[in-house]
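Okay, so here's the structure we're looking at.
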Amino acid sequence: MPDVKWFLKWNYDDKYHLSLNVESQNEIEYTINLYTFTRPDVLAYNKNGKLNGKEMVELQSDYTYTLNIINDSLINGKLHITVDGYFSYISYTKKQNFPFSDTITEWGSCLKEVFPTDFDIHVENQIIKITKNFVAIESSVFARMFGSDGFKEAKENKVTITDAQFEIVEAAMNFCYRQNITYIFEDLNKCIELLYFCD
């Protein structure tokens, strides 16, 4: 859970305060257990809750309780305690790190709409029309095929693909146009097929 950050805070402001400061980009549930130095096997304090954003979780029920923790854990001026924190997502929105943004995706859509196509990909009785120059920039395999007079496909400006599904080939071509293909990543088998096709 890399988006969950936390730290312990121990301060004195007329009274001693012990707290766990938690920050999360997503809504989470938490369970916090505290153990003292002299009784490490006995649960001294427990708290459960939910949070989203920043929150200071007090690790004390009252001031007398805090003094008892100090008495059980203060050794040579240092506080020795053990705190276990358990976090789990209630709702999770992951920031995607794919090499496109909304602006780039829109730019790619404009390219597909405005620029004329000059090559046909036949797969599963369907045709994907592309612009060779755009796809060649992203695919060294297609670039070699387009640039060689020895390839029948280069002369005829079409290729038939029999070892991949239409959806996979279409996703690969859309990626060349910087279109959003994150829907493919929701299915592990499709991800593997896409990697094989692009290899």
(message) Being at pLDDT 85 or above, not β-branched (Val, Ile, Thr) and not in a loop (DSSP other than H, G, I, E, B) is the requirement here; does ASP120 meet it?
(response) yes
(message) Restricting to region 129-159, count the residues that are under 13 Å from CYS176 (Cα atoms) and in a strand (DSSP E or B).
(response) 2
(message) Tell me yes or no: at least one residue of region 149-163 is aromatic (Phe, Trp, Tyr) and touching a residue at least 24 places away in the same chain (Cβ under 8 Å).
(response) no
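Of everything in region 70-108 that's in a helix (DSSP H, G or I) and at pLDDT below 70, which residue is nearest to PHE7 (Cα to Cα)?
Step one: filter region 70-108 for residues in a helix (DSSP H, G or I), giving 70-73, 102-108.
With the extra rule that they be at pLDDT below 70, the set shrinks to 70, 102-108.
Numbers: ILE70: 19, ASP102: 35, THR103: 37, ILE104: 38, THR105: 39, GLU106: 42, TRP107: 43, GLY108: 44 Å.
Result: ILE70.
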(request) State the number of residues belonging to region 157-194 that are within 18 Å of ILE137 (Cβ to Cβ) and either exposed (fewer than 14 other Cβ atoms within 10 Å of the Cβ) or of a type in the set (Val, Ile, Thr) (or both). (result) 4
(request) Name, by its number, the condition in (1) among the hydroxyl-bearing types (Ser, Thr, Tyr); (2) part of a loop (DSSP other than H, G, I, E, B); (3) modelled with pLDDT of 75 or more that does not hold for THR31. (result) (2)
(request) With respect to THR38, determine if the residue is surrounded by fewer than 16 Cβ atoms within 10 Å (Cβ to Cβ) and modelled with pLDDT under 80. (result) yes
(request) Output the number of the condition that SER24 fails; it satisfies all remaining conditions of (1) surrounded by fewer than 16 Cβ atoms within 10 Å (Cβ to Cβ); (2) at pLDDT 75 or above. (result) (1)
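The values are calculated or read from the model by the stated rules, or taken from the named source; none is laboratory data. Everything numeric here is computed off the predicted structure, so don't read it as measured data. Neighbour counts are summed over all protein chains in view; Cβ atoms, including those assigned to glycine, are modelled from backbone coordinates with ideal geometry.
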